[in-house]
Amino acid sequence: MFPISHEGKWFRFLMVFIFLGAAMETDIYLPTFPDILNDFNTNAVMVQRILSYNFIGICLGSLMYGPLSDHFGRRKILMFGFSVFLASSVGCIFAKTIEELLAFRLLQGFGSSACVIVGTAMIFDLFDEEQAAKLIADLNTLVVSLMALAPLIGGWISLNMGYKANFMFIAILVLISAIKCFLFLPESLNIHKRKKIHPKRVATDYKTVLASSVFWYNTLITSLILAAYMIYVSNMSLLYVEQLNVSPDVFPLYQMATLGIFVIVSLNNGRLIDKYGIEKLKTIGLGLIFLTTLILFFASDGMMNSPQFLTGTMCLFSAGAGLSIGIFFAKSMQVFPELTGIAASLVTAIRLFIVSAAIDLGSNVYNGTTQSVIHVMTGVVVVLAVLSLLNLNRQA
């Protein structure tokens, strides 16, 4: 195995394989929701739980993988996660009922969370604050680029080979990634920095991080931005295809548009940080998110039933998220540099617990109208605005 250079070129390359399957395993299934609904003879709430159960699995895994990787090292825990990820992906292929599919999706999330937690912790093992923030921005670009391509790939696979072929595609992708990391990924956590697993110490570490108002603010802002967006994403295929009469083979292009804007903005995030500074980017990003929500909330019924208007407006939201979400996430990770494993676990668990709850709420409120989606999104963004105002008052 090779050492990781100061510039992190090899590490950046291997990060692709760590995040590859985890980045695609959510959005690749979105175009197939109508097919899954019909094939399993179920309802919209159960179908949308394909997302929320996956996020619950990530939450559960996230709380474990941080402390475990702090003790055993990053590499061993990553390979364990890959094993669970691969086995559950195969299980999804052979699921006979919607309940079985949801169980395997939960396990998929549990396995894939190792990629997210360990990969993130490795970044903060090896890079200082500024370099880590830029690498996080690069990885956000990578992840969202893959997410943008995923529905196009998933839609094509579903139309030509059936929706279950998507599960097979993810299984093959995870297998390739696991082999690549097993052969070439070195350990990033020096043995002298590892911590023995003592329940009392782990509980103390969790308590230390959770006692920080700075950690909570940045984690909640990150979580709420993602939750608002995922309410839209989780309802998008059923809304666009079944209610707005968008063709299934065209639908992925709409989803790619919003994700593509995030990619474009994130690609330039490092340069924008250098030019304008972190605080200004956070302000602009949140401003765009609030503006988007106001436009959607006050739009006429005719405009809300236009997929072009809805997608174009959500592109503003994506731009705001692209400017700010990586910065808030990096800040939450940097509050306690000596507890990166614990911080990564908590950030991911809190974020995806909030997201899974928001998706479940959105699926229960969804009644086939765009307004039912936007109202739940608006509620989340209102909480986001209140937190931002409270933080401004605290700093004043």
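The values are calculated or read from the model by the stated rules, or taken from the named source; none is laboratory data. These figures come from a predicted structure and were not determined experimentally. Positions of Cβ are generated from backbone atoms using ideal geometry, with glycine treated the same way; all protein chains shown enter the neighbour counts. Note: areas computed on protein heavy atoms with side chains; ligands, DNA, RNA excluded. Shrake-Rupley method; radii C 1.70, N 1.55, O 1.52, S 1.80 Å.
If I model a spin label at W156 and L389 as a point 7 Å from the Cα along the Cα→Cβ vector, what separation in nanometres do I get?
4.8
Run the simple label-point estimate for D301 and K196 please: 7 Å along Cα→C-beta, distance reported in nm.
6.9
Relative contact order, percent, of the range 91-231 when contacts are C-alpha pairs under 8 Å separated by at least 6 residues?
So the answer I get is 20 percent.
Please calculate how many Å² of accessible area the chain carries per residue, with a 1.4 Å probe and no DNA, RNA or ligand atoms counted. Intermediate values should be presented prior to the final figure.
On the way: 16170 Å² over 396 residues.
That works out to 41 Å² for each residue.
Taking all protein chains in place and a 1.4 Å probe, what share, in percent, of the accessible surface of the chain do carbon and sulfur account for?
68
Given a 10 angstrom Cα cut-off, can you work out which residue in A121, A211, A349 is the most mobile in a GNM of the chain?
In this elastic network of the chain, the residue with the biggest mean-square fluctuation among A121, A211, A349 is A211.
From Cα pairs below 8 angstrom and at least 6 apart in sequence, can you work out the relative contact order of the chain, rounded to a whole percent?
Computed over the chain, the figure is 27 percent.
Checking the table K76/K180; K200/K331; K76/K196 against a 19 Å threshold on Cα-Cα, which pairs fail?
K200/K331
Between the range 9-29 and the range 304-358, what's the alpha-carbon centroid distance in Å?
If we compute the Cα centre of each part, the gap is 17 Å.
Can you list the trypsin sites (Lys or Arg not before Pro) in the range 164-209 that are in a DSSP coil and have 12 or fewer other beta carbons within 10 angstrom?
Filter output for the range 164-209: K196.
Test of understanding: express the Cα radius of gyration of the range 64-202 as a ratio to 2.2 N^0.38 Å, with N the residue count.
1.19
Using a Cα-Cα cut-off of under 17 Å, which aspartates and glutamates could be cross-linked to K207, ignoring same-chain neighbours fewer than 8 residues away?
D70, E338
Quick one: ranking I170, I284 by accessible area, 1.4 Å probe, largest first, what do you get?
Order by accessible area, largest first: I284, I170.
Please find, in a Gaussian network model of the chain (springs between Cα atoms separated by less than 10 Å), the residue of N305, N41, N218 whose mean-square fluctuation is greatest.
N41
Please work out the C-alpha center-to-center distance from the range 48-117 to the range 259-299 and express it in whole Å.
Centre-to-centre distance over Cα atoms comes out at 31 Å.
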